[in-house]
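A.B. asks: One structure coming up, written as structure tokens, with questions to follow.
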Amino acid sequence: MSKYDTYESPFCTRYASEEMQYVFSAQKKFSTFRRLWTALARAEMKLGLDITEEQVAELEANIDNIDFAAAEAREKEVRHDVMSHVYAYGLVCPNAKGIIHLGATSCYVGDNTDVIIMRDALKIIHRKLVNVIANLADFANKYKNMPCLAYTHLQPAQLTTVGKRATLWTQELLMDLEEIEYRISSLKLLGQKGTTGTQASFVELFDGDSEKIKKLEQMIAEEMGFEKCFAVSGQTYPRKLDYQVVSALAGLAESCSKFSYDIRLLQNFKEIEEPFEKNQIGSSAMAYKRNPMRSERITALSRYVMIDVLNPAFTAGTQWFERTLDDSANKRIAVAEAFLAADAILNIMLNVTSGLVVYDKVVRQRVMKELPFMATENIIMQAVKKGGDRQVLHEHIRVHSMAAGRIVKEEGGENDLVDRIANDPIFGITKDEILATLQPEHFTGRAPEQVTEFIAECVRPVLNANKDVLGEKAELSV
């Protein structure tokens, strides 16, 4: 059958990067099995078991020399993926064949490989996230002084700045980065715990020498780049680990979803647009449209990751005693696809955040339509200084505001609140005096300063610590 006759995951054909796909590939998985078998044999040799340097060297030399066809044929016979790869490894390592997997159970390679893969995948997520944060920080700094409408309940409330809003997106992503960094730093290997976690087979191999058994585990962890193994376990590492890792990805998805919704709304307002390529088609029917399709894709994929976190949650909560196998099939899909989706989200985020388009005249126009309502308290203060009664003035301005609102909402007219106030003798203020107060920059509070402080205190230290990975771009396949 051709690829057009069978299902293909969109993560592979449309969304996730080749880099992330490799991390979850068969080559990566089973070569890591072999690295773990080599590390086990090397440590056992150094601790006195009857294993030679030649055997370890043979294992080392054939780590990437995998005959997948032989392994697949063997698995059809024995119905066991790990033992089929022990067999395939033995075919190319005839001298070491007898010591491969010595003392280990399947989870020695399966679970330790899963942790290694999650670590490597988290590092990719971390790198791309740092670059998204850098893009948004640049955007925030560029537009820190540009007043725009701020909303509560999706109703115009007061003014903020375009840059200040971008710091809100960035702050959530910094929280995600902290969580991902913690997850990377706290990952532990399963180690070699045996069938039910008691290390009984290694007690037999090492004649009850507990110090050697503990040393064996530490040597393997260090060779694979980890400081520690779980202190205790059943046959598997705690499935809560998968939940914690995917939860970090779900948290990232939440932040990206929030960003994408805001951009979609702003694009509707015609204030900000995601990048739109020269030959891009916005709609098959309406040629004039510029749909926010990339932001919509962020929303869609984020929703997938946020829901996917339920899989490792239920898996962790339904394990029986030292282990059951009902985790395996679910885990193969849920963890991998959470990473593939998160990778895809960050690819789009990199693309969108590096090319946001701001229509400053539209932003200003929308501000000026609402600003008279927002400036009413300032106008009252001006009138009070001229001898007016604050309570009386408040009632008059309330009546005028409601009337101006009706003109805008019911008749589709322009906001005439300024004229109404200027023509009301109780205020004693001219139209020119009122207009002089209607400078949007006077109504943004500390927003520009907050942007400057946030970038200096919160973002810049992160970017300085990760300056070696900055400058990444993302090309989208579709």
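A.B. asks: Is the C-alpha gyration tensor of the stretch 74-116 telling us rounded, prolate or oblate? Criteria: a/c under 1.5 is rounded; beyond that, a/b larger than b/c is prolate, otherwise oblate.
C.D. replies: Values: a/c = 2.02, a/b = 1.23, b/c = 1.64.
Judged from the Cα gyration tensor, the stretch 74-116 comes out oblate (a/c at least 1.5, b/c at or above a/b).
A.B. asks: Along Cα→Cβ, 7 Å out, is where each label goes; now give me the distance between the ones at Ala57 and Glu453 in nm to one decimal.
C.D. replies: 6.5 nm
A.B. asks: Work out how far the C-alpha atoms of the chain reach from end to end along every principal axis, then list the three figures in whole Å, largest first.
C.D. replies: Computed over the chain, the largest-to-smallest principal extents equal 103, 52, 41 Å.
A.B. asks: Something else now. Using unit Cβ charges (K, R positive; D, E negative) and no other charged atoms, how large, in debye to the nearest 20, is the dipole of the chain about its Cα centre? It would help to have the intermediate numbers written out before the result.
C.D. replies: Values: 57 positive and 67 negative charges, 240 e Å.
That gives a dipole near 1160 debye.
A.B. asks: Which order do the peptides 290-298, 210-218 take when ranked by the mean count of other beta-carbon atoms within 10 Å per residue, highest first?
C.D. replies: On the way: 290-298: 20.2, 210-218: 16.7.
Packing proxy ranking, top to bottom: 290-298, 210-218.
A.B. asks: Order the peptides 260-267, 364-371 from the highest to the lowest mean number of other Cβ atoms within 10 Å of their residues.
C.D. replies: Working: 260-267: 19.4, 364-371: 16.8.
For the peptides 260-267, 364-371, the packing ranking is 260-267, 364-371.
A.B. asks: Can you tell me how the stretch 130-187 classifies by the Cα gyration tensor, rounded, prolate or oblate, using a/c under 1.5 as the rounded cut? Mind dumping the intermediate values first?
C.D. replies: Working: a/c = 5.24, a/b = 2.00, b/c = 2.62.
Since a/c reaches 1.5 but b/c is at least a/b, the shape of the stretch 130-187 is classed as oblate.
A.B. asks: While we're looking at this one, here's another question. Going highest first, how would you order 398-410, 129-141, 219-231 by mean Cβ packing within 10 Å? Write out the running numbers ahead of the final one.
C.D. replies: Values: 398-410: 13.5, 129-141: 23.2, 219-231: 16.0.
For the peptides 398-410, 129-141, 219-231, the packing ranking is 129-141, 219-231, 398-410.
A.B. asks: Can you bin the stretch 376-437 into rounded, prolate or oblate? Criterion: square roots of the alpha carbon gyration tensor eigenvalues sorted a ≥ b ≥ c, rounded for a/c under 1.5, prolate for a/b above b/c, oblate for the rest.
C.D. replies: Because a/c hits 1.5 or more and a/b exceeds b/c, the stretch 376-437 counts as prolate.
A.B. asks: Here is a follow-up. Over the chain, what is the mean sequence separation of C-alpha contacts under 8 Å (at least six apart), divided by residue count, expressed as relative contact order in percent? If you can, show how the numbers build up before the last one.
C.D. replies: Values: 621 pairs, mean separation 92.4, N = 478.
Relative contact order, the chain: 19 percent.
A.B. asks: Ignoring everything except DSSP H segments at least 4 long, calculate the 222 nm mean residue ellipticity for the chain; use -39,500 (n - 2.57) per segment, divide by total residues, nearest 500. Show your work: numbers first, answer last.
C.D. replies: Numbers: 20 runs with 293 residues, N = 478.
About -20000 deg cm²/dmol.
The numbers here are math on the coordinates, done by the rules we state, and not lab data. If you're wondering where the values come from, they're calculated on a predicted model, not measured in any experiment. In this analysis, Cβ positions are derived from the backbone assuming ideal geometry, glycine residues included, and neighbour counts consider all displayed protein chains.
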